[in-house]
Amino acid sequence: MKRGLILEGGAMRGMYTCGITDVMMEAGLLPDGVVGVSAGAAFGCNIKSGQPGRALRYNLRFAGDRRYAGLWSLLTTGNYYNARFCYHIVPTQLDLFDTEAFAASPMEFHLVCTDVDTGQAVYHQCHHIDSEELEWIRASSSLPLAARIVTIGRQRLLDGGLADSIPLRYFEQRGYDRNVVILTRPPGYRKQPTGILPLVRMLYRRHPRLVETVARRHEMYNAQLDHVASEEAVGRVLVFRPDPPLEIGHICSDPDVLQRTYDQGRRQAQQRLDQLKAFWT
């Protein structure tokens, strides 16, 4: 049995995910591998480093800080979430990420980005964390319109959720056969075509394959939901979905809303802890 954990993105909806994964860590229920998309990558790396509570802590501390995120950052840097402050200052100076524990852990950690030139998903495994690996995490979380394209080597990258929002098939292909999937949308959710496609076409006109990927994203996402549901029905996947729907949006600087979202995930994980233990043992 190879235990996998698949973490959808959703920006600050990821606080719900953190509530679930913190309960898992505290109970000693750890996967053999994690794959995170966008916020799932930015917050999920704390699982491999063994730092429950860290993602909630630094978001409560900095979410209302203009150095961290906001229109000031977007206007002055081109990134709503300040690239240098969020991905290089916070983890190395202000709320330390445990790079030694991350490197020492046998757990695999993968993330997903989208190549803006091909429109295809790029999968990257992080064995350790340094400045370049932090850029991979940033790229996975870089939403179009709200962030600049991230260049790593010869690749130009944006948010992984554009090309593969729920990378269950990716982990299945790698041999993971007992997978827990944490979604940040409620039961019954179906994605609709994006209303910002005309703006995407205009701003990314030099990247036509990226535009095609954005235009088809709802089809990809809904097909992935169908695959998750089919695997859940036969008992190969255990799925967490927020029910009731989360009150939080993509962007939130209200500490009370952040805390409530996190607590909703904790409660659900605690209620289903025995089910999770049985699934992974």
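To the nearest 20 Debye, how big is the dipole of the range 196-273 about its Cα centre, given +1 on the beta carbon of each Lys and Arg and -1 on that of each Asp and Glu? Don't skip to the end; give the middle numbers.
Numbers: 12 positive and 10 negative charges, 83 e Å.
Magnitude of the dipole: close to 400 debye.
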Exercise. At a probe radius of 1.4 Å, what is the per-residue accessible area of S165, in Å² to the nearest 10?
Worked result: 0
For this session: Tabulate in residue order the Karplus-calculated ³J(HN,Hα) for the range 50-67, using 6.51 cos²θ - 1.76 cosθ + 1.60 with θ = phi - 60°, rounded to whole Hz; enter x for Gly and Pro.
Result: x, 10, x, x, 5, 4, 5, 4, 6, 6, 4, 6, 10, 4, x, 8, 5, 5
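How long are the three semi-axes of the equivalent ellipsoid of the chain, in whole Å, if each is the root of 5 times an eigenvalue of the C-alpha gyration tensor, listed from largest down?
Semi-axes from the Cα gyration tensor: 26, 22, 19 Å.
In the range 157-252, what GluC sites (Glu not before Pro) fall in a loop by DSSP, with at most 13 other Cβ atoms inside 10 Å?
Details: sites: E172, E212, E219, E231, E232, E247; in loops: E247.
Counting only loop positions with at most 13 other Cβ atoms within 10 Å, the GluC sites (Glu not before Pro) in the range 157-252 are E247.
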For this session: Give me the distance between the Cα centres of the range 254-281 and the range 108-123, rounded to whole Å.
Result: 28
Exercise. Which is farthest toward the positive dipole end of the range 152-281 among I248, G161, T213, measuring Cα position about the Cα centre, with Cβ charges +1 (Lys, Arg) and -1 (Asp, Glu)?
Worked result: T213
Exercise. Debye sum, Cα scatterers, the range 20-179, no solvent: what log₁₀ I/I(0) at q = 0.13, 0.17, 0.18, 0.19 1/Å?
Worked result: -0.60, -1.03, -1.15, -1.27
Problem set entry | Distance histogram in 5 Å bins (all Cα pairs of the range 183-245, percent per bin) | 4, 17, 20, 18, 15, 11, 9, 5, 1
Seminar exercise, completed: With all protein chains in place and a 1.4 Å probe, I251 shows an accessible area in Å² (nearest 10) of 100
Seminar exercise, completed: Inverse of <1/r> over all distinct C-alpha pairs of the range 143-195, i.e. the Kirkwood Rh in Å, gives 14.0
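Quick one: Kirkwood hydrodynamic radius for the range 229-281, alpha-carbon pairs, angstrom, one decimal?
Values: mean 1/r = 0.0777 Å⁻¹.
Taking every pair of different Cα atoms in the range 229-281, averaging 1/r and inverting gives 12.9 Å.
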Seminar exercise, completed: Other residues with Cβ under 11 Å from the Cβ of F102 give, with Lys and Arg +1 and Asp and Glu -1, a net charge of -3
For this session: Using only the Cα atoms of the range 83-164, each taken as one equal point scatterer with no solvent, compute I(q) by the Debye sum, divide by I(0), and report log10 of the ratio at q = 0.13 Å⁻¹.
Result: -0.41
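When the Cα atoms of the range 102-142 are enclosed in a convex hull and the volume is divided per residue, what value in Å³ results?
Working: hull volume 2.5 nm³, N = 41.
Each residue corresponds to 61 Å³ of Cα convex hull volume.
Let me know the shape class of the range 63-124, please: from the alpha-carbon gyration tensor, a ≥ b ≥ c as square roots of the eigenvalues, rounded when a/c is under 1.5, otherwise prolate if a/b is greater than b/c, or oblate. It would help to have the intermediate numbers written out before the result.
On the way: a/c = 3.54, a/b = 1.16, b/c = 3.05.
Oblate shape, in that a/c is at least 1.5 and b/c is the bigger or equal ratio.
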Problem set entry | the chain, helix-only ellipticity at 222 nm - DSSP H runs n ≥ 4, -39,500 (n - 2.57), divided by all residues, nearest 500 | -12000 deg cm²/dmol
Problem set entry | Radius ratio Rg over Rh of the range 159-281, counting only Cα atoms, Kirkwood formula for Rh | 1.02
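Got the relative contact order for the range 138-237 handy, in percent, Cα pairs under 8 Å and 6 or more residues apart? Write out the running numbers ahead of the final one.
Working: 83 pairs, mean separation 27.7, N = 100.
It comes to 28 percent, rounded to a whole number.
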Exercise. Whole number please: convex hull volume per residue of the Cα set in the range 1-83, in Å³?
Worked result: 88
Exercise. So which lysines can K48 reach, going by Cα to Cα under 24 Å and dropping same-chain residues fewer than 8 places off?
Worked result: K2, K277
For this session: Let me know the charge dipole size of the chain about its Cα centre in debye, to the nearest 20, where only the beta-carbon of Lys, Arg (+1) and Asp, Glu (-1) is charged.
Result: 620
Exercise. Cα centroid distance between the range 174-226 and the range 137-152, in Å?
Worked result: 16
Problem set entry | DSSP bridge orientation in the chain - percent antiparallel, rounded to nearest 5 | 40
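The values are calculated or read from the model by the stated rules, or taken from the named source; none is laboratory data. For clarity, every value in this text was computed on a predicted model and none was experimentally measured. Neighbour counts run over all protein chains shown; Cβ positions are idealised from the backbone, glycine included. With ligands, DNA and RNA removed, areas are computed over all heavy atoms of the protein, side chains included. Shrake-Rupley method; radii C 1.70, N 1.55, O 1.52, S 1.80 Å.
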